[in-house]
Amino acid sequence: MILASAGLLALAFVRQSPVLRKLALVMVALVVLKVFFIDMSELDGLLRVGSFLALGLVAALMAWVNRMLKMNEAQQVESAEGP
């Protein structure tokens with residue numbers, strides 16, 4: 001599921017589509033909730049800690065990509081409006 005949402009986010013980047021970007025973020029949120037509530041309950045010890053760390057890094061990476069996409073969209077709107 002995370003690969004599908006990352007692929008959708010990449011497609012949003014290529015097409016510069018705010019709708020695809022928002023859909024990808026919703027998918028990421030669903031994946032994070034699933035992992036947090038369902039998958040993490042079965043882990044113990046260092047495996048749980050490592051999984052939380054990886055989940056946090058993926059979430060931070062997705063937030064950074066989202067920020068970059070929003071900045072690109074804002075620049076396109078400014079350039080379309082002209083001087």
Worksheet item: Can you find a residue in the stretch 14-22 that is surrounded by 14 or more Cβ atoms within 10 Å (Cβ to Cβ), without any contact (Cβ under 8 Å) to a residue 40 or more places away in the chain and of a type outside the set (D, E, K, R)?
Response: yes
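For (1) touching a helix residue (DSSP H, G or I) at 6+ places or on another chain (Cβ under 9 Å); (2) under 23 Å from ALA80 (Cα atoms); (3) among the basic types (Lys, Arg), each residue gets a yes or a no:
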{"site": "ILE2", "(1), (2), (3)": "yes, no, no"}
{"site": "SER5", "(1), (2), (3)": "yes, no, no"}
{"site": "ARG15", "(1), (2), (3)": "no, yes, yes"}
{"site": "LYS22", "(1), (2), (3)": "yes, yes, yes"}
{"site": "VAL32", "(1), (2), (3)": "yes, no, no"}
{"site": "ASP39", "(1), (2), (3)": "yes, no, no"}
{"site": "GLY45", "(1), (2), (3)": "no, no, no"}
{"site": "MET62", "(1), (2), (3)": "yes, no, no"}
Item to complete: Output the number of residues of the stretch 30-53 satisfying the condition of being surrounded by 12 or more Cβ atoms within 10 Å (Cβ to Cβ) and among the β-branched types (Val, Ile, Thr).
Response: 3
Practice prompt. Output yes when any residue across the stretch 70-83 is at pLDDT below 80 and either touching a Leu at 6+ places or on another chain (Cβ under 9 Å) or closer than 19 Å to LEU3 by Cα (or both), and no when none is.
Written response: no
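Out of MET71, MET27, I need the residue that is without any contact (Cβ under 8 Å) to a residue 40 or more places away in the chain, surrounded by 13 or more Cβ atoms within 10 Å (Cβ to Cβ), out of contact with any strand residue (DSSP E or B) (no Cβ under 6 Å at 6 or more places or on another chain) and of a type in the set (A, V, I, L, M). Which one? Before you say what the answer is, go through the steps one by one.
Details: MET71 fails: surrounded by 13 or more Cβ atoms within 10 Å (Cβ to Cβ).
MET27 is the lone residue from the list that is without any contact (Cβ under 8 Å) to a residue 40 or more places away in the chain, surrounded by 13 or more Cβ atoms within 10 Å (Cβ to Cβ), out of contact with any strand residue (DSSP E or B) (no Cβ under 6 Å at 6 or more places or on another chain) and of a type in the set (A, V, I, L, M).
The values are calculated or read from the model by the stated rules, or taken from the named source; none is laboratory data. Keep in mind that this is a model prediction, so the values were computed, not measured. Virtual Cβ from ideal backbone geometry, glycine too; neighbours counted across all protein chains shown.
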